[in-house]
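What follows is a short report on a single structure.
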Amino acid sequence: MLFNSIEFLIFFPIVLLIYFVVPQKAKNLWLLAASYYFYMCWNAKYVLLLLFSTLVTYTGGLCMETVKQSGCTPAHKTAYKKLIVAGSFVLNLLLLFYFKYINFALDVLGRLLGAVHIEMNVPVFDIILPVGISFYIFQALSYTMDVYRDEIYAEKNFFRYALFVSFFPQGRAASYAVGVFPETGHCRQMRGAGEYGIRGFCRLSWISDHNGQCVICFSDLLRFYGVFHYCNRSCQSAWFSAYE
């Protein structure tokens, strides 16, 4: 389900309407269910990756909170917290690396070995990139760092934390994220979500999509005239990532 699709245009008002109808205590659960449904629309089994990242960082936060309240010396507390953070980062970044960069890394390895005349059959994995995986992994890791730095307390309510990680309006477009953030057990600014949602939909439909086509046409022209391979790679990558 894309943000600028008809499906989302139907889905978003329904979520917003039911949010204002359900009791206060059920609002977070409703938004969590809607967020997980949003991710499952792309590929249902990939929602397990979201759940895994959420569980790892949630558990890591609780462990760090336990360490803070223990009777250990400050040096030992810092060492234990660093170990927890390292474990959380390794598990999450390995997940991201496999789904997003494994084929690129193997291709680079094959080229490097080929440069020194070492033959290697580089496997290519047929991997479908899970929607929003970069967002929710870094969202979860940012929480881990905040707990480590004592900027926030570890969240004890799993469902509220799961909503923080998975909240669908933040997943792909900043236009939706503004003013729609789950804080202290409820989304205090959900009343403005409809306005921001419409603005975001229009921006994605009329600005991003059309500009994205311009970027693609421009790159095709560069490739046609032989300039493409001499372009600054970092600048080129930045343009493409902006319109993925």
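Give the number of residues within region 137-171 that are part of a loop (DSSP other than H, G, I, E, B) and closer than 12 Å to ASN92 by Cα. Lay out the reasoning, then the answer.
At the first step, the residues of region 137-171 found to be part of a loop (DSSP other than H, G, I, E, B) are 149-157, 167, 171.
Pick out the ones that are also closer than 12 Å to ASN92 by Cα and you get none.
Result for region 137-171: 0.
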Check your understanding: Pick from TYR143, TYR148, TYR136: which is among the hydroxyl-bearing types (Ser, Thr, Tyr), under 26 Å from GLU65 (Cα atoms) and more than 20 Å from the chain's Cα centre (by Cα)?
Key -> TYR148
Check your understanding: Quick check: is even one residue across region 90-113 more than 22 Å from the chain's Cα centre (by Cα) and among the charged types (D, E, K, R)?
Key -> yes
Study note, to complete from the structure: Of those in region 36-86 that are under 23 Å from the mean Cα position of the chain (by Cα) and part of a loop (DSSP other than H, G, I, E, B), the residue surrounded by the fewest Cβ atoms within 10 Å (Cβ to Cβ) is ASN43
Check your understanding: Under 6 Å by Cβ, and 6 or more places apart or on different chains, what pairs join a residue from region 42-66 that is under 16 Å from PHE167 (Cβ atoms) with one that is in a helix (DSSP H, G or I) and of a type in the set (Gly, Ala, Ser)?
Key -> LEU50/SER166; SER53/ALA140; THR54/ALA162; THR57/SER88; THR57/ALA140
Exercise for review: Could you list all residues from region 105-134 that are free of Cβ contacts under 8 Å to residues at least 12 places away in the same chain and under 28 Å from MET145 (Cα atoms)?
Suggested key: ALA105
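Taking the residues in region 16-28 that are touching a residue at least 12 places away in the same chain (Cβ under 8 Å) and surrounded by fewer than 15 Cβ atoms within 10 Å (Cβ to Cβ) as candidates, determine which candidate is farthest from VAL90 (Cα to Cα). Lay out the reasoning, then the answer.
Applying the first criterion (touching a residue at least 12 places away in the same chain (Cβ under 8 Å)) to region 16-28 yields 16, 18-20, 24, 27-28.
The next check asks that each one be surrounded by fewer than 15 Cβ atoms within 10 Å (Cβ to Cβ); those that pass are 20, 24.
Values: PHE20: 39, GLN24: 37 Å.
If we take residues in region 16-28 being touching a residue at least 12 places away in the same chain (Cβ under 8 Å) and surrounded by fewer than 15 Cβ atoms within 10 Å (Cβ to Cβ), then PHE20 is farthest from VAL90 (Cα to Cα).
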Check your understanding: Could you list, in sequence order, the residues of region 142-193 that are surrounded by fewer than 16 Cβ atoms within 10 Å (Cβ to Cβ), of a type in the set (A, V, I, L, M) and modelled with pLDDT of 50 or more?
Key -> MET145, ILE152
Exercise for review: Sort out which residues of region 106-136 are of a type outside the set (Ser, Thr, Tyr), surrounded by 12 or more Cβ atoms within 10 Å (Cβ to Cβ) and in a helix (DSSP H, G or I), and write them in order of number.
Suggested key: LEU106, ASP107, VAL108, LEU109, GLY110, LEU113, GLY114, ILE133, PHE135
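The values are calculated or read from the model by the stated rules, or taken from the named source; none is laboratory data. Note that the coordinates shown come from a computational prediction; the quantities given were computed from them, not determined experimentally. No Cβ is skipped: glycine too gets one built from the backbone with ideal geometry, and neighbour counts run over all protein chains shown.
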